[in-house]
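Report on one structure; see the data block that follows.
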Amino acid sequence: WIDLVAPGEQEAALMRDQMGFHPLAVEDCIRGRQRPKLERYPGHFFLVVYAAHINKDGLRVAFKELHMFIGNGYIVTVRDHRIEEVRETIGRWRATPDRFKNVGGIAHALLDELVDDYFPMVDHFADRMSALEARLLEDEHDDQCVLDLHELRRQLILFRRVVAPERDIVSALVRRDLPFLSPDMVPYFQDIRDHTIRIVEEIDTIRDLVGTALEGHTSAAAH
């Protein structure tokens with residue numbers, strides 16, 4: 001496992017010339033701001049996923065991009081920022097290497113860590129939705145509450161744009177005949193896929209509740 005942080009031209013040349021990664025994938029690593037995706041190149045796979053958490057203000061989602069090159073017997077992670085999920089997984093890998101029998105085990109542990117940290121965010125958005133709904137019921141003229149509801153819906157949309165493609169990525173990992181993914185690992189990746197499906201469903205439920213609250217406020221104001 002090689003972990004590259006804040007790559008520059010020297011690291012780009014390393015990935016391109018010595019590691020043999022496709023130039024387009026290396027360019028994506030350097031440029032950043034890529035959509036979540038899974039791409040297959042000769043000899044390796046390239047994944048883009050995101051770590052996510054709620055900012056200190058408790059209002060917005062912060063995303064940190066993570067690139068992964070996965071091949072037969074190796075994994076290379078590339079990131080611009082400190083990502084706790086990567087550090088924690090590396091710590092577990094170093095402490096108990098026998099638990100990670102192959103690259104598929106490492107990839108699963110890392111993706112599982114990222115997705116598990118989405119659940120507290122869903123709970124945060126659900127609690128915020130309940131609080132804003134209660135405020136609006138108490139005072140239908142609370143314009144700031146209406147603005148907060150619009151912002152909440154925007155944050156949910158941004159969050160979904162990350163999680164939904166990652167759901168498709170994990171589904172593809174389960175379906176494809178990947179050299180690094182042994183058959184015994186398939187149920188573990190299916191578990192991650194089920195988690196992403198559940199998260200997307202909960203995001204959609206909260207977003208529908210926000211829409212209902214805003215429509216109700218608009219109707220009451222018009223009346």
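Per-residue answers, yes or no, for (1) outside any helix (DSSP H, G or I); (2) under 15 Å from ALA52 (Cβ atoms); (3) over 20 Å from the mean Cα position of the chain (by Cα):
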{"position": "LEU147", "(1), (2), (3)": "no, no, yes"}
{"position": "HIS150", "(1), (2), (3)": "no, no, yes"}
{"position": "LEU158", "(1), (2), (3)": "no, yes, no"}
{"position": "VAL163", "(1), (2), (3)": "no, yes, no"}
{"position": "PHE180", "(1), (2), (3)": "yes, no, yes"}
{"position": "GLN190", "(1), (2), (3)": "no, no, no"}
{"position": "THR196", "(1), (2), (3)": "no, yes, no"}
Quick check: anything in the range 120-133 open to solvent by 10 Å² or more (accessible area, probe 1.4 Å) and in contact with an Asp or Glu (Cβ under 7 Å, 6 or more places away or on another chain)? no
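Yes/no matrix, rows are residues, columns are (1) at pLDDT 95 or above; (2) in contact with a strand residue (DSSP E or B) (Cβ under 6 Å, 6 or more places away or on another chain); (3) of a type outside the set (Val, Ile, Thr); (4) surrounded by fewer than 19 Cβ atoms within 10 Å (Cβ to Cβ):
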| position | (1), (2), (3), (4) |
| --- | --- |
| TYR118 | yes, no, yes, no |
| LEU137 | no, no, yes, yes |
| GLU140 | no, no, yes, yes |
| GLN144 | no, no, yes, yes |
| PRO165 | yes, no, yes, yes |
| LEU173 | no, no, yes, no |
Return the only residue of LEU47, LEU66, LEU38 being more than 30 Å from ALA131 (Cβ to Cβ) and in contact with a Lys or Arg (Cβ under 6 Å, 6 or more places away or on another chain). LEU66
Can you list residue pairs whose Cβ atoms sit under 7 Å apart, with the first residue in the range 1-26 being in contact (Cβ under 8 Å) with a residue 40 or more places away in the chain and the second being of a type in the set (A, V, I, L, M) and open to solvent by 50 Å² or more (accessible area, probe 1.4 Å)? Count only pairs 6 or more apart in sequence or on different chains. PRO7/ILE30
Which is of a type in the set (A, V, I, L, M, F, W, C) and closer than 24 Å to ARG99 by Cβ, of MET68, MET19? MET68
Can you confirm whether GLU202 is touching a residue at least 24 places away in the same chain (Cβ under 8 Å), more than 30 Å from LYS101 (Cβ to Cβ) and outside any helix (DSSP H, G or I)? no
Does THR96 meet the test of being farther than 30 Å from ARG128 by Cβ and either crowded, with 18+ Cβ neighbours inside 10 Å or among the polar types (S, T, N, Q) (or both)? yes
When residues of the range 69-122 are limited to those that are within 13 Å of the chain's Cα centre (by Cα) and in a loop (DSSP other than H, G, I, E, B), the one nearest to ARG16 (Cα to Cα): ILE83
Would you please name the residue that is modelled with the lowest pLDDT, looking only at residues in the range 21-65 that are open to solvent by less than 50 Å² (accessible area, probe 1.4 Å) and in a loop (DSSP other than H, G, I, E, B)? GLY58
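The values are calculated or read from the model by the stated rules, or taken from the named source; none is laboratory data. Values in this document were obtained by computation on a predicted structure and should not be read as measured data. Counting neighbours? That spans all protein chains shown, and the Cβs are built from the backbone with ideal geometry, glycine included. Protein only, heavy atoms only, side chains kept; ligands, DNA and RNA dropped before computing areas. Shrake-Rupley method; radii C 1.70, N 1.55, O 1.52, S 1.80 Å.
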